[in-house]
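Reading through the C-alpha cells given below for one structure.
Laboratory data are not the source of any read-out in this text; all were calculated from the coordinates shown. The structure displayed is predicted, hence computed values, not measured ones. So basically every Cβ, Gly included, is an ideal-geometry build from the backbone, and we count neighbours across all protein chains shown.
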Amino acid sequence: MFRALRGRNYRLWAVADLVSVTGTWMQLIGLNWVVMERTGSAASVGLSVLAGTLPSVLLGPWAGALADRLPVKRIILACQSLHALIAAVLAFAVWREAPVPVLFALTATAGLVSVFDGPALGRFGAQVVSREDLGNALALGSVLSSTGRILGMSSAAVLAAALGTPALFLINAVSFLAVVVAVLSMRTRELHVLAASPREQAGVRAGLRYIGASGRLVLLFALGFVLSSLGRNYQVTMAAMSDSATHYGLLSTVFAIGTVVGGLAASACRKLTLRLLLVAAGVTSVFQAIGGVMPGTWGFALVLLPIAAGAVIIDTTMSTRLQLDTADGMRGRLLAVNHAVGAAAGAVGAPLLGWLCEHLGAPETLVLAGTLTLIATAFAATVFAAPAHRRAALAHRVLRRPLPAAPPPGHAHGSTRPSTVVAAAQRHRRQARVGVRRVRERAVVGRR
C-alpha cells in the first residue's frame with residue numbers, strides 16, 4: 001500500500017507536500033474569512049475563488065508547454081519562492097487592512113504563479129518515483145492532500161483566534177520553503193528523468209494536436225468534464241442539503257474522511273486501470289442519485305462517504321493514465337489541460353447546480369446529475385470498448401477535424417506512422433515484381 005515511500009526522494013516530497021497543503025488551506029480559510037468579514041457578501045468570496053482559478057483556465061496549456069521544455073526543478077524553485085513572497089505580502093495587506101480589491105489582485109497573482117507551478121510539480125513528482133510506483137505515489141498524494149486539508153481547516157480557526165488572521169498567511173509563506181528544501185535535498189542520481197519535448201513537438205499547438213489525434217484522450221477529458229461539472233461540485237450540493245451550519249460542518253467532515261478512505265483504497269490497488277476509473281465513476285454516479293432520495297442529513301451523509309472515496313479514486317486513476325499512457329514530452333501539457341478542464345468544469349457546474357437546486361430542489365438535482373453522469377460513464381465505456389481507430393474517428397467528428405494521416409510520434413496508441421507502412425508495402429511490391437522478372441528470365445535462359 002505504501003510502496004512509494006520506500007524511496008528517500010519520495011519521502012522528502014511527501015513531507016513537503018503535507019506541509020505545503022496544510023499551509024495553503026490555512027491561507028484559503030483566512031482569505032475567505034477576511035473577505036466575508038469585510039464585505040458581508042458570499043458573492044465576494046466567490047470572486048476571490050474565481051480570481052485564483054481563472055488564470056489556470058486561460059493560460060494552462062502554455063504553462064504545460066513550458067514545463068515540457070525547461071528544467072522543471074528551476075520552475076518549481078522560482079514559483080515556490082514567489083508563492084512565499086506573495087503570502088507574506090498578503091499577511092502584511094491583511095494586517096494593514098488593505099482594500100479588498102488589493103487582496104483580489106494578490107490572489108490573482110498567486111493564481112498566475114500556480115498556473116506555471118502546477119505542471120512543473122506534476123512532471124517533477126513523476127520523476128521522484130519509478131514508473132511502476134507512480135500510481136501508488138499519486139494515491140498517497142491524495143491521502144496527504146486530504147490530511148493537509150483537514151489539518152489546515154481545523155487549525156486555522158484556532159490559530160486565527162490566538163495569533164490573528166495575518167498569522168495564517170505567514171505560516172503559509174513558511175510552508176512553501178518546505179518544498180524548496182525538499183527539492184534541493186533530493187538525490188539527483190535517484191531521480192527518474194523524463195524525456196524533454198523535442199523541438200518539433202514543442203508548443204501549445206503541438207500539444208493540442210497530440211490530444212486531438214487520440215480518441216482516448218479526447219474521451220477521457222470529456223468524461224472528466226462531465227463528472228467534475230455535474231458530479232463533483234459538492235460544496236454546492238452539500239450546502240443545499242444542509243439545514244444548518246452544524247449539518248454543513250458534519251457533511252464537510254464526512255466528505256474529508258471519505259477522501260482519505262478513497263486515497264488509501266487507490267494506494268492499495270496494484271494497478272490503476274481504465275476499467276477501475278469507469279467502475280468508480282459508475283458507482284459514484286449511482287450513489288449520487290441515491291443521495292437525492294435518502295431521508296435527512298444523516299441519510300445523505302451515509303452515501304456521501306463512498307461518493308467522496310470514489311471521487312479520489314477517479315482523480316487518481318485519471319491522472320495516472322494520462323501520465324503513463326502518453327509520451328513523456330507531452331506530460332506537462334496534458335496535466336495542464338487536465339487541470340484547466342477541472343477548473344472550467346467547476347466554473348460551469350457550480351452555478352448550474354446552484355440554479356437547479358433553487359428551481360428543482362436539492363434532492364431532485366442530485367438524482368438528475370447522478371443519472372446524467374451515469375449515462376455519460378456508460379457511453380464512455382461503450383466507446384472505450386470500440387477499436388482504437390473508431391475512437392479516433394469519433395473524436396475527429398466531434399472536433400470537426402479531418403482524421404490525420406498519422407498519430408503524433410511517440411504516441412502510446414500507435415507509434416507506427418501509416419506513411420511508413422505504405423512505403424514498406426510499396427517496397428515489398430517492387431521486390432516481388434523484381435523477383436518474378438528474374439524467375440522468368442531464368443526460365444527463358446533454361447529453354448534456350
Pseudo-spin-label distance V174 to L58, built 7 Å along Cα→Cβ, given in nm, is 3.5 nm
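How high is the FRET efficiency from W298 to I257, r the C-beta distance, R0 22 Å, rounded to 0.05?
Efficiency, from the Cβ-Cβ distance: 0.90.
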Under the 7 Å Cα-to-Cβ spin-label approximation, L191 and A157 lie apart by a distance in nanometres of 4.2 nm
Taking θ as phi - 60°, what are the ³J(HN,Hα) couplings along the stretch 143-148 by the Karplus curve (6.51, -1.76, 1.60), each to the nearest whole Hz, with x for Gly and Pro?
4, 5, 5, 5, 5, x
Cβ-Cβ FRET estimate between D243 and L5, R0 fixed at 51 Å, reported to 0.05
0.75
Taking the Cβ of R74 as the centre, find all other residues whose Cβ is under 15 Å away and add up their charges (Lys, Arg: +1; Asp, Glu: -1).
+1
Normalise the Cα radius of gyration of the stretch 54-206 by 2.2 N^0.38 Å (N = residues in it) and let me know the number.
1.18
Taking 0.36 nm per residue of separation and subtracting the Cα-Cα distance, what length does fully extending F92 through E364 add?
93.4 nm
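Under the 0.36 nm per residue contour assumption, what length would be gained going from the current alpha-carbon distance of F379 and L208 to full extension? Before the final figure, lay out each step's value.
On the way: separation 171, 0.36 × 171 = 61.56 nm, distance 2.36 nm.
Additional length available on full extension: 59.2 nm.
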Per residue of the stretch 248-258, what does 6.51 cos²θ - 1.76 cosθ + 1.60 with θ = phi - 60° give for ³J(HN,Hα)? Whole Hz please, x for Gly and Pro, Karplus curve as stated.
5, x, 4, 5, 5, 5, 4, 5, 4, 5, x
